[in-house]
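Structure first, commentary second.
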Amino acid sequence: MERTIIVRFHTNQDNFDSDYERSKFFRSLHGWKQTVPKENKRYLYHRNGLLDEVPHVKIADSVFAVAAEHMRRVEQFFDQWDEKVEYDIIEAMMEFRKLANSLNTRNGDK
């Protein structure tokens with residue numbers, strides 16, 4: 001058993017200066033795909049977000065779990081968006097890999 005942290009966040013659109021800023025938050029968290037057309041070709045790039053760099057398990061649209069050892073990085077990210085995004089954490093004792101496997105199996109990702 002290891003400490004696993006469940007993170008739930010909420011964005012309030014009124015707290016953001018623009019739709020662009022809100023989109024920037026989600027891109028910074030989840031990453032995004034960028035398509036660059038050049039001549040007769042299209043180049044597709046994946047731009048990493050925090051969750052590309054931190055092992056996590058998506059539980060719902062605004063809920064994910066991380067091993068406690070990565071939580072400091074997650075907190076630093078959310079602290080940058082302190083006035084725009086609210087988040088809660090729940091500490092749990094579970095095997096992170098088993099949680100990931102069970103959710104992936106349930107969602108058909110395995």
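Observations, loosely collected:
- Test: residue in the stretch 9-29 that is closer than 20 Å to A100 by Cα and touching a residue at least 40 places away in the same chain (Cβ under 8 Å): yes
- So F77, is it under 18 Å from the mean Cα position of the chain (by Cα) and among the aromatic types (F, W, Y): yes
- The condition of being in contact with a helix residue (DSSP H, G or I) (Cβ under 9 Å, 6 or more places away or on another chain) and loosely packed, with under 10 Cβ neighbours inside 10 Å holds for D19.
- Elements of the type strands (runs of 3 or more DSSP E) sitting completely within the stretch 33-87 and holding at least 2 residues that are at pLDDT 90 or above and surrounded by fewer than 11 Cβ atoms within 10 Å (Cβ to Cβ): these cover 41-47.
- Of all residues in the stretch 68-103, those being over 30 Å from D17 (Cα atoms) and touching a Ser or Thr at 6+ places or on another chain (Cβ under 6 Å) number 3.
- Selection count where residues are surrounded by 10 or more Cβ atoms within 10 Å (Cβ to Cβ), of a type outside the set (S, T, N, Q) and outside any strand (DSSP E or B), scope the stretch 1-16: 1
- Scope the stretch 17-32; condition part of a loop (DSSP other than H, G, I, E, B) and more than 18 Å from the chain's Cα centre (by Cα); matching residues: D17, S18
The values are calculated or read from the model by the stated rules, or taken from the named source; none is laboratory data. Bear in mind that the values here come from a model prediction, so they are computed numbers and not experimental data. Virtual Cβ from ideal backbone geometry, glycine too; neighbours counted across all protein chains shown.
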